[in-house]
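Novice: There's a structure below that I have some questions on.
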Amino acid sequence: MKDFINRWMTRNAQCQALLACGIRHPDDTTFNQTLASGFPEASLNTSWNCIVEAFSFLRQQQPDTAQLCWSFENHRVYAAIRADQTCLGLITKTGTSTSDLTAIEKILSEFRSLRCPAPKKVTA
C-alpha cells in the first residue's frame with residue numbers, strides 16, 4: 001500500500017501553488033517531494049509528524065476530523081488523514097488562485113478515498 005500511495009502522490013500532487021508535499025505512513029516512514037528550495041527533508045518529516053499529532057489530539061474532541069489547513073504569512077499547510085492513519089501534507093504559497101484551490105481540494109479528496117488495487121494474479 002505504501003508504494004501505491006507514494007506513486008499516487010508523485011503523479012497527482014501537482015498544481016502551480018504547490019511548494020512541497022509528503023506522505024507520513026502509519027509505520028512512521030515518510031515520502032517527500034519538494035518543488036521549491038527551502039524545504040529540507042528533515043523539516044518536512046518533522047512537520048508531518050507534528051500534523052499527525054495534531055490530528056490525534058483533535059480527533060479526541062471531534063472524531064471525524066479528516067482535513068486541516070493552517071495559514072501563515074507566506075505559506076499554507078493543508079493536511080488530510082486516512083482511516084489507516086496515512087497522512088498527506090501539502091505546502092503552498094499564500095494567495096493561491098481559485099483553480100489552485102480547486103486542485104488542492106481534489107488532491108486531498110482523492111487521497112482520502114484511495115483504494116489499493118488488488119494484487120495481480122500470477123498464472124503459471
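The values are calculated or read from the model by the stated rules, or taken from the named source; none is laboratory data. In this text, all values refer to a predicted model and were calculated from it rather than measured experimentally. Methodologically, a virtual Cβ is constructed for each residue, glycine included, from the backbone with ideal geometry; neighbour enumeration extends over all protein chains shown.
Novice: Considering only residues that are hydroxyl-bearing (S, T, Y) and within 24 Å of M1 (Cα to Cα), which ones fall in the stretch 11-56?
Specialist: Once the filter is applied, which keeps residues that are hydroxyl-bearing (S, T, Y) and within 24 Å of M1 (Cα to Cα), the stretch 11-56 yields T29, T30, T34, T46, S47, S56.
Novice: Name the single residue, out of those in the stretch 1-56 being of a type in the set (K, R) and closer than 24 Å to S99 by Cα, that is surrounded by the most Cβ atoms within 10 Å (Cβ to Cβ). Give the steps one after another, and end with the answer.
Specialist: Initial filter on the stretch 1-56 (of a type in the set (K, R)): 2, 7, 11, 24.
Filter again for closer than 24 Å to S99 by Cα, leaving 7, 11.
Details: R7: 11, R11: 8.
Here the residue is R7.
Novice: For the stretch 57-98, enumerate the residues that are charged (D, E, K, R), under 20 Å from I5 (Cβ atoms) and in contact with a Leu (Cβ under 8 Å, 6 or more places away or on another chain). Explain how you work it out, then say what you get.
Specialist: Keep residues of the stretch 57-98 that are charged (D, E, K, R), which gives 59, 64, 73, 76, 82, 84, 93.
Remaining after also requiring under 20 Å from I5 (Cβ atoms): 82, 84.
Within the stretch 57-98, R82 is the sole residue that qualifies.
Novice: Next question, about the same structure. Given the residues N49, N6, N45, N32, which is the only one that is part of a helix (DSSP H, G or I), more than 16 Å from L108 (Cβ to Cβ), in contact with a Gly (Cβ under 8 Å, 6 or more places away or on another chain) and not acidic (D, E)?
Specialist: Working: N49 fails: in contact with a Gly (Cβ under 8 Å, 6 or more places away or on another chain); N6 fails: in contact with a Gly (Cβ under 8 Å, 6 or more places away or on another chain); N32 fails: part of a helix (DSSP H, G or I).
Step by step, each of N49, N6, N45, N32 is checked, and only N45 is part of a helix (DSSP H, G or I), more than 16 Å from L108 (Cβ to Cβ), in contact with a Gly (Cβ under 8 Å, 6 or more places away or on another chain) and not acidic (D, E).
Novice: While we're on this one: Is it the case that the stretch 106-119 has a residue that's surrounded by 10 or more Cβ atoms within 10 Å (Cβ to Cβ) and among the β-branched types (V, I, T)? Can you show your working first?
Specialist: Start the filter on the stretch 106-119 by keeping residues that are surrounded by 10 or more Cβ atoms within 10 Å (Cβ to Cβ), which leaves 106-112, 114, 116.
Keeping just the survivors that are among the β-branched types (V, I, T) gives 107.
Within the stretch 106-119 (the criterion being surrounded by 10 or more Cβ atoms within 10 Å (Cβ to Cβ) and among the β-branched types (V, I, T)), the answer is yes, since at least one residue qualifies.
Novice: Would you call C69 surrounded by fewer than 16 Cβ atoms within 10 Å (Cβ to Cβ) and either under 20 Å from L114 (Cα atoms) or at pLDDT 95 or above (or both)?
Specialist: Against the criterion (surrounded by fewer than 16 Cβ atoms within 10 Å (Cβ to Cβ) and either under 20 Å from L114 (Cα atoms) or at pLDDT 95 or above (or both)), C69 qualifies.
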